[in-house]
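The next block holds one structure in the form of structure tokens; read it before the comments.
Since every read-out is calculated from the coordinates, none of them should be taken as a lab result. These numbers were taken from a predicted model, which means no experiment stands behind them. Positions of Cβ are backbone-derived with ideal geometry, glycine not excepted, and every protein chain shown enters the neighbour counts.
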Amino acid sequence: MYLFVFAQKDETNNWLVTSTGKLPSLLYGLGDDRLGGTKMGYIDTNILLKVVDSTNDLYTVQLSKFHRAYIDKNYIRHDSAMKSRPYYLTGSFLVKGDSLYDYVSMHLDEHLPYKSWMEIEPSKIMVDIYGVQSNTNWITQLQSVKEIKNVYYNQVEDDVVRVTIELKHAQHWGYSLSYVGKNLVLRVKRQPAILDLKKMVIAIDAGHGGNNSGTDGIKRKTSEKEYTLLYAKSLEKNLKKLGVKKVIMTRNADTSFDIKDRILFLQEQNPDFLISLHFNSSANELVSGVSTYYKHIGFRPLSQALLKRMLELKLSEFGNVGNFNFTLNQPTDFPNALLEIAFLSNADDEKKVIDTKFRQDVSLKVILAMQDWLKQLHN
């Protein structure tokens, strides 16, 4: 129990703590794979959490009467000054826009935990706020909003409030969720006024780098970190040749760049969308082909467009993979997709990867995929 000595007990003898650290996240359960447990999503720092149990690396936290989650112990701060209240309430909502974004500001008594997700057809952002009762009798919506169509809520459980934000466009362009004072604020990105690739800010991530080498080729020991950078630079060069407004690179050399630091960097840069380039590997040398990955259903169309164009290079199809647990697919701030170009563990694929013409062909297909994706948004 020594881990809890600085935490404050509530009236039920559980421990009150707050979230801290770099991009803390809540997990659904105790399961794990090579990319970690399945995440409910990132949460803000200073979120009040009630610890009810402990495993080796995780705390179990009670979000509401019927909902629990798990959080890495490294992302918890103990504070003896914290006090529990008998209940927490929501207050008024304000929906407004400025010159760049739309906002939903939801007043709460405390920094309570939450979960958010995207829905499609029609496009919506959903937010569950845990451990709270509604006292929201005012939802003021101003004419300054441009992407938000409507906002409403339901008390779906005695201590869970669900907020629905309907959007005007089918494509999700991203959002962020954090506390500003006692307000939980959802910031919604608007669809660009002109859906022209040349007008976009595009982020390219060359996977791995520095002390994270990734995988190696089966015959030529092709280095993933080396070739992701070569492919990223080729894509950057062709985008600039096309006249793209701005290209953001997460790395331009063989440097170490922590994956969470990449997210924080990209959040600051605020691209219109992100493509992360990688090469795949399998214990089965016969497995080959191209695949694309997304976490959030609202960002799937970009990954689908990438796969369709890449298959024109006569690669076998490994598939389009959803709910993927890769860290750079987790942010909701901007559309993102992971492209696994080919398998370095397959001899034929590796031979393609080291071919300079193939590298150029991949670059051009990725650009065509971006244009395809934007073009379908006009329909």
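A compact globular protein would have a Cα radius of gyration near 2.2 N^0.38 Å; the ratio found for region 38-136 is 1.23. Derived scalar couplings between HN and Hα for region 315-332 equal 7, 6, 9, 8, x, 9, 10, x, 6, 6, 8, 5, 4, 6, 8, 6, x, 9 Hz in order, rounded to whole Hz, by the Karplus curve 6.51 cos²θ - 1.76 cosθ + 1.60 (θ = phi - 60°), x for Gly and Pro. Farthest toward the positive end of the dipole of the chain, out of LEU197, VAL290, TRP173, is the Cα of LEU197, where the dipole comes from beta carbon charges about the Cα centre.
Charged neighbours of PHE257, selected by a Cβ distance under 13 Å, balance to 0 (K, R count +1; D, E count -1). Restricting to Cα atoms and excluding each atom paired with itself, what does the Kirkwood estimate give for region 279-326 in Å? Every distinct Cα pair counted, the radius reaches 11.4 Å. Cα centroids of region 161-205 and region 219-274: 22 Å apart. All other residues whose Cβ lies under 12 angstrom from that of LEU364 are scored, Lys and Arg at +1 and Asp and Glu at -1, for a net of +4.
Ordering LEU35, VAL160, LEU368 by Cα displacement along the dipole of the chain toward the positive end leaves LEU368 in first place; charges were set at the Cβ atoms of Lys, Arg (+1) and Asp, Glu (-1). Taking the Cα centre of the chain as origin and assigning +1 to Lys and Arg Cβ atoms and -1 to Asp and Glu Cβ atoms, the resulting dipole is close to 1120 debye.
Please find the FRET efficiency linking ASP72 to PHE265, where r is the Cβ-Cβ separation and R0 is fixed at 22 Å, and quote it to the nearest 0.05. Kindly include the intermediate steps, with their values, before the conclusion.
Values: r = 22 Å, r/R0 = 0.99.
That pair, ASP72 with PHE265, gives E of 0.50.
Candidate membrane-span-like segments in the chain, meaning DSSP H helices with Cα atoms spread over at least 24 Å of their own axis and a Kyte-Doolittle mean of -1.0 or above, are 224-242, 356-376, with no membrane implied.
Region 197-376: D in µm²/s via Stokes-Einstein (Kirkwood Rh, Cα pairs, 4 °C, 1.567 mPa s)? Show your work: numbers first, answer last.
Numbers: Rh = 16.0 Å.
In µm²/s, the coefficient is 81.
Using θ = phi - 60° in the Karplus curve 6.51 cos²θ - 1.76 cosθ + 1.60, the 3J(HN,Hα) couplings for region 108-119 round to 9, 6, 8, 7, 8, x, 8, 9, 9, 7, 9, 10 Hz; x is entered for Gly and Pro.
Before anything else, pin down the relative contact order of the chain: Cα pairs under 8 Å, at least 6 apart, normalised by residue count, whole percent. The partial results should precede the final answer.
Details: 890 pairs, mean separation 51.0, N = 379.
Rounded, it is 13 percent for the chain.
Computed over region 155-203, the range of Cα coordinates on each principal axis works out to 49, 25, 17 Å, biggest value leading.
Taken along its three principal axes, the alpha carbon spread of the chain comes to 66, 53, 30 Å, from the longest extent down to the shortest. Extents of region 111-245, taken as max minus min of Cα coordinates on every principal axis and listed largest first, are 64, 34, 31 Å.
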